Amino acid sequence: MAQQFAVIGLGRFGMSVARTLSELGQEVFAIDVDEEKVQRIAPVVTHAVVADVTDIEAMKSIGIRNVDVAVITVGSELKASMVGTMVLRELGVRTVVAKANDDLHGKVLEKLGADRVVYPERDGGSRLARMLTSTNLIEQIDLDPDYSIAEMTAPASLTGKSLAELSVRARFGVYVMAIRSGGAMTVAPGADDVIREDDVLVVIG
């Protein structure tokens, strides 16, 4: 089921987040003060609008409080990211994700109410978008444009079944490299290994 995301700030990182969310079938509300950037992303997203995240009345008027997740990617503009986080919190946005330049900036954003802080040098825009839309994904490392290693909580639909029963490779195109069950890690699990509730899978594909 699609969620509604607001991506505020359409620099390179913000553009990447907005495009990937759209590709993943999500409703995307792209916002920036620069009209040219807004026009550039408009064909790709659900809505695109020129607005200032630090202007609480402007944010109210565009209905920002209705989105499920707001991602503030204006990290290079400290005032905009900090005031914007406070504005979104005050307006009751459910989840606020904010981009930070460094650890100190990140700590300030957390104090101001950001639910999650991301760092562009660590979290690529595309990777962040995929993590935001997956309820099971814990971590993902992109090896190249076609292959990734992901650590994820086992979905309920897989629990209680062996790898042979699930035919993971044939159905999902991924290889299960390891299963962490409680404190024990099984590396290179066999066909008879069973996935249990709350297991963490490490997969490549």
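The values are calculated or read from the model by the stated rules, or taken from the named source; none is laboratory data. Computed from a predicted model, the values in this text were never measured in an experiment. So basically every Cβ, Gly included, is an ideal-geometry build from the backbone, and we count neighbours across all protein chains shown. The area values use the complete protein model at the heavy-atom level, side chains included, leaving out ligands, DNA and RNA. Shrake-Rupley method; radii C 1.70, N 1.55, O 1.52, S 1.80 Å.
For segment 12-35, give me each residue that is within 19 Å of Thr54 (Cα to Cα) and open to solvent by less than 30 Å² (accessible area, probe 1.4 Å). Across segment 12-35, the qualifying residues are Gly14, Phe29, Ala30, Ile31, Asp32.
Restricting to segment 52-65, count the residues that are in contact with a Gly (Cβ under 8 Å, 6 or more places away or on another chain) and either touching a residue at least 40 places away in the same chain (Cβ under 8 Å) or assigned to a loop (DSSP other than H, G, I, E, B) (or both). Show your work before the answer.
Restricting attention to segment 52-65, the residues satisfying the condition of being in contact with a Gly (Cβ under 8 Å, 6 or more places away or on another chain) are 53-54, 65.
After this cut, where a residue has to be either touching a residue at least 40 places away in the same chain (Cβ under 8 Å) or assigned to a loop (DSSP other than H, G, I, E, B) (or both) as well, the list is 53-54.
Adding up the residues that qualify gives 2.
Restricting the first member to segment 28-40 and to residues that are within 15 Å of Ile8 (Cβ to Cβ) and without any contact (Cβ under 8 Å) to a residue 40 or more places away in the chain, and the second to residues that are crowded, with 19+ Cβ neighbours inside 10 Å and charged (D, E, K, R), the beta-carbon pairs closer than 7 Å and six or more apart or on different chains are Val38/Asp32. Residues in segment 66-111 that are open to solvent by less than 10 Å² (accessible area, probe 1.4 Å), in contact with a Gly (Cβ under 8 Å, 6 or more places away or on another chain) and assigned to a strand (DSSP E or B): Val71, Ile72, Val96, Ala98. Taking the conditions (1) of a type outside the set (Gly, Ala, Ser); (2) open to solvent by less than 70 Å² (accessible area, probe 1.4 Å); (3) within 26 Å of Gly11 (Cα to Cα); (4) at pLDDT below 75 in turn, Asp146 satisfies each one other than (2).
Only one of the listed residues (Val49, Val38) is open to solvent by less than 60 Å² (accessible area, probe 1.4 Å), over 15 Å from Val93 (Cα atoms), part of a helix (DSSP H, G or I) and of a type in the set (A, V, I, L, M). That residue is Val38.
For segment 116-130, check the following and say yes or no: at least one residue is touching a Leu at 6+ places or on another chain (Cβ under 8 Å), surrounded by 15 or more Cβ atoms within 10 Å (Cβ to Cβ), outside any loop (DSSP other than H, G, I, E, B) and modelled with pLDDT under 80. So far as segment 116-130 goes, yes, one or more of its residues are touching a Leu at 6+ places or on another chain (Cβ under 8 Å), surrounded by 15 or more Cβ atoms within 10 Å (Cβ to Cβ), outside any loop (DSSP other than H, G, I, E, B) and modelled with pLDDT under 80. Of all residues in segment 1-11, those being assigned to a strand (DSSP E or B) and open to solvent by 20 Å² or more (accessible area, probe 1.4 Å) number 1.
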